Amino acid sequence: MQVNWKQTIIILLDVIIAVYLVLAITVFNQPDEKATVCTEVNIHIADGQANGILTPAEVKRLLEKERAYPLAQPMQFVSTRQMEEVLCRNPFIAEAECYKTQNGHVAIQLQPRKPVLHVMTSAGEQYYVDDQGNILPHARLANSLLVATGNISRKYASKRLAPVALKILDDHFWQEQTVQLNVLNDGTLELVPRVGNHIVYLGTPTGIDKKLERLRKFYKYGLSHAGWDRYERINVEFDNQIICKKRSKS
């Protein structure tokens, strides 16, 4: 079969010209980063602001402290990787993603850690525990948290108390009803309710779902009729029973 070289060359030239035009359009449409400065920084914090600690103003302060805030800086010198490294050093930030846009803007997207428990130990130590069991340093929070007091080690707070706090916070009734958890010297738990002048003894921090459900039914069918201040201590430690200590008349 005879090859039509003239037609083949024409087709090849057409392909080369088409590829050149595509590349030229792409290159010419891209802004010259050397001639562009950052005109806007957009900061997005997932799930709103982390209890008043992680705010856009705080993010700006963290970056300015390390001379990594991009506003008014030439885009070619803006290092999004450096920005991410600076932000991820903050204990209240779980993930950080920073990137440039073609219009001279820099976007910052943050996933904050979620404190669920404010620990105040009998030894005078204070810190927070997040929903993953991470220990966070003490800081001023805008929103109130469930408080845990008593003889608490960091390991106990992370491994034992954090799951209990999540069980409470996942249930609207117990979230509203629970004010405080108290850890006794033997590692067992007490719950301080918002309504009712009594203490609830939970025992070991296991089987919390069943214990809280048993207590919920007792509240509904027992205390609602007998009176919320009739007992000073309610024990839900054991399966299938609730032990109550009446308040002394004196």
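The values are calculated or read from the model by the stated rules, or taken from the named source; none is laboratory data. Not measured: the values here are computed from a predicted model. No Cβ is skipped: glycine too gets one built from the backbone with ideal geometry, and neighbour counts run over all protein chains shown. SASA here: full protein model, heavy atoms, side chains in, ligands and nucleic acids out. Shrake-Rupley method; radii C 1.70, N 1.55, O 1.52, S 1.80 Å.
When the residues of region 69-92 are filtered to those that are under 24 Å from the mean Cα position of the chain (by Cα), part of a loop (DSSP other than H, G, I, E, B) and surrounded by 15 or more Cβ atoms within 10 Å (Cβ to Cβ), which remaining residue is modelled with the highest pLDDT? In this case the residue turns out to be Tyr69. Of the residues making up region 49-68, those that are hydrophobic (A, V, I, L, M, F, W, C) and assigned to a loop (DSSP other than H, G, I, E, B) are Ile53, Ala68. Summed over region 98-120, residues that are touching a helix residue (DSSP H, G or I) at 6+ places or on another chain (Cβ under 9 Å) and closer than 21 Å to Asp130 by Cα total 4.
Scanning region 216-250 for residues that are out of contact with any strand residue (DSSP E or B) (no Cβ under 6 Å at 6 or more places or on another chain), closer than 18 Å to Leu181 by Cα and not charged (D, E, K, R) returns a single hit, Val236. Listed by position, the strands (runs of 3 or more DSSP E) inside region 157-250 whose residues that are surrounded by 12 or more Cβ atoms within 10 Å (Cβ to Cβ) and out of contact with any helix residue (DSSP H, G or I) (no Cβ under 9 Å at 6 or more places or on another chain) number at least 3 are 178-183, 231-235. Scanning region 52-71 for residues that are in contact with a strand residue (DSSP E or B) (Cβ under 6 Å, 6 or more places away or on another chain) and in contact (Cβ under 8 Å) with a residue 24 or more places away in the chain gives Leu54, Val59, Pro70, Leu71.
The set of residues in region 97-138 being under 19 Å from Glu58 (Cβ atoms), open to solvent by 70 Å² or more (accessible area, probe 1.4 Å) and not in a loop (DSSP other than H, G, I, E, B) consists of Glu97, Gln109.
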